[in-house]
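The numbers here are math on the coordinates, done by the rules we state, and not lab data. No experiment lies behind these values; they were computed from the predicted model shown. Virtual Cβ from ideal backbone geometry, glycine too; neighbours counted across all protein chains shown.
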Amino acid sequence: MEYVGVFALLAACTLVGTIVLPLLSVTDIAMLFLVTVGLAAARVRRGAAVFAAFLSIALFDFFFVPPRFTFAVADLHYLLTFAVMLGSALTISELALRLRSYGDAAHEREGRTAGLYAMSHELVPTMSLSELVSVISRHVRQVPFGADVVLRAEAEQVGHG
């Protein structure tokens with residue numbers, strides 16, 4: 001489904017590029033495609049982002065590079081343009097994916113920290129061992145640590161005498 005969304009986004013970019021072509025240069029249209037690839041990469045997984053990078057080059061070549069409506073390239077300088085566009089699109093995609101990954105990890109850490117904070121506030125007034133085990137068990141189940149947890153409580157009898 002991501003691929004369909006990427007295709008639709010780049011089709012819209014192509015339509016916008018076609019409309020503004022009389023006002024902009026072909027180089028400006030290339031930048032429009034790079035921005036669109038960046039937007040797509042911010043929302044999709046790696047495979048769809050790479051697809052967006054390659055599809056953007058194909059659409060740019062077919063619809064905007066003379067001779068238009070063919071994949072033939074009359075000016076060989078456009079081959080360098082394609083290479084730079086592809087490298088830039090792949091770099092933008094990788095950076096966007098990495099940034100999203102960092103954001104997801106930060107969100108996960110935030111959830112864990114909030115859970116531990118809530119547990120620590122609840123543990124402060126707790127007195128008995130069974131209450132401690134109950135509070136810890138409940139909070140560990142609620143916080144997504146990604147691991148199974150087993151609590152084992154052993155009470156020690158300490159005599160004063």
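Assorted remarks:
- Cα pair count fraction exceeding 22 Å, expressed as % - the chain: 59
- Between the helical axis of 46-64 and the longest alpha-carbon principal axis of the chain there is an angle of about 20 degrees.
- Measuring between their Cα centroids, the stretch 6-47 and the stretch 74-112 lie 14 Å from each other.
- Counted by neighbouring Cβ atoms within 10 Å, the residues R109, R68 run from fewest to most as R109, R68.
- Among 34-44, 16-26, 56-66, the order from most to least packed when residues are scored by Cβ within 10 Å on average: 34-44, 56-66, 16-26
- Interatomic Cα distance distribution for the stretch 1-73, bins of 10 angstrom, percent: 22, 52, 24, 2
- Simple label model, 7 Å out from Cα along Cβ direction - A74 to R141, nm: 7.2
- The residues T27, T81, when put in order of fewest to most other Cβ atoms within 10 Å, stand as T27, T81.
- Computed from label points 7 Å out along Cα-Cβ, the spacing between S134 and A83 is 7.1 nm.
- Note on the chain: with charges restricted to the Cβ of Lys and Arg (+1) and Asp and Glu (-1), its dipole about the Cα centre is near 240 debye.
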